[in-house]
Amino acid sequence: MSFSSLLKEKAMDLVMPILPKEDLSHWAGRLMHLALPGPLREGSIATFAKAYGINIEEAEKPLSEYRSIGDFFTRKLKPGARPQAEGFTHPCDSKIAEAGPITAGSLIQAKGIHYRSSDLLGDGARAERYEQGAFITYYLCPTDYHRVHIPEAAKAVWRNHIPGAFWPVNAWSIAKIDGLYSINERVAIEFETTHGDRFCMVLVAATNVGNIKIDFDREVSTEPRGSGRQPKACEYQPPISIVKGGEVGLFAMGSTVVMLLEKRLVDRIGLDAAKLSSFSGRSVQVSQVIMS
């Protein structure tokens, strides 16, 4: 490790535990969504897009029609920008951080660091459904499109909104914070496909990512802060049908989606251990078939 990298790591060690991450996330979100004056709007958004290498040609609207940087950040795509592939697809634009089988309820956070599926979902009995299945962890950076879509036609059957911390989801936190994804604020949603098998998508908040919205469930709100908040789980009665490629939700800034797949779904789509091991570090886009 270089001296500058070591210095940066030590600075993170000192600062991150005492940084008011919850308040920072709240105010960063407010600032990002502050409406810009007309003369500044297009130039500011264009500068932001250029800084992060965002492809503005894919945006649904001209830059002048977005009210704020946050409005542009959570943009929709032009129709046809992500053609639907046949088969079970990736749910978001991202880099795959980790992927692998789920054994004894254990998921990989990073090399040598594991966490529990029961802690991630906040429901031990439900987590057992995914034993011997698979998980894929998607990391969304500011360059990426920030809406999350369903990989296959399915019905939402269960949701759990779990209040938590706002640690950053970066290399430092992944290496330093045990159970990072299972202690940060998150929303877990379970789906049942037309084949009767299930998968669960967990949208994880992070520093500056306090706002997660679920397209079909307006009762989910990650905006309120403060102590004493409790998990809010529900069974959807009746289940909510979503067409393949339909929107599940969005992040107001970059973060992470952890997707758990039931064993019989893994078997159905042919997602074996060798394929899973090849995923780590791969950049993917929403609507690309997982088995490509």
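Here are the numbers:
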quantity: Counted residues, segment 120-138 - those being over 13 Å from Phe199 (Cα atoms) and buried (at least 21 other Cβ atoms within 10 Å of the Cβ); calculated: 3
quantity: Sole exception among (1) over 21 Å from Thr74 (Cβ atoms); (2) in a strand (DSSP E or B) for Asp119, by number; calculated: (2)
quantity: Flag if Ala85 is in the same structural domain as Gly245 (by TED's automatic domain parsing), surrounded by fewer than 20 Cβ atoms within 10 Å (Cβ to Cβ) and in contact (Cβ under 8 Å) with a residue 12 or more places away in the chain; calculated: no
quantity: Some residue of segment 57-80 being assigned to a loop (DSSP other than H, G, I, E, B), among the basic types (Lys, Arg), surrounded by 15 or more Cβ atoms within 10 Å (Cβ to Cβ) and touching a Phe, Trp or Tyr at 6+ places or on another chain (Cβ under 8 Å); calculated: yes
quantity: Lone qualifier among Ala165, Ala153 - being surrounded by fewer than 21 Cβ atoms within 10 Å (Cβ to Cβ), outside the structural domain of Thr47 (by TED's automatic domain parsing) and modelled with pLDDT under 90; calculated: Ala165
quantity: Boolean, Ser117 is touching a residue at least 24 places away in the same chain (Cβ under 8 Å), crowded, with 21+ Cβ neighbours inside 10 Å, closer than 20 Å to Ile214 by Cα and among the polar types (S, T, N, Q); calculated: no
quantity: Residue list for segment 169-185, restricted to those being assigned to a helix (DSSP H, G or I), modelled with pLDDT under 80 and either in contact with a Phe, Trp or Tyr (Cβ under 7 Å, 6 or more places away or on another chain) or outside the structural domain of Met201 (by TED's automatic domain parsing) (or both); calculated: Ser173
quantity: Selection status of Glu57, over 18 Å from the mean Cα position of the chain (by Cα), farther than 23 Å from Phe251 by Cβ and either charged (D, E, K, R) or assigned by TED's automatic domain parsing to the domain that holds Val248 (or both); calculated: no
quantity: Residue within segment 194-213 that is under 17 Å from the mean Cα position of the chain (by Cα), of a type in the set (Gly, Ala, Ser) and modelled with pLDDT of 95 or more present; calculated: no
quantity: Looking only at segment 269-292, and only at residues there that are within 17 Å of the chain's Cα centre (by Cα) and farther than 13 Å from Thr89 by Cα, the one that is surrounded by the most Cβ atoms within 10 Å (Cβ to Cβ); calculated: Phe279
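The values are calculated or read from the model by the stated rules, or taken from the named source; none is laboratory data. Being a predicted model, the structure only gives us computed values, none of them experimental. Because the Cβ atoms are built from the backbone with ideal geometry, glycine has one as well, and the counts that use them run over all protein chains shown.
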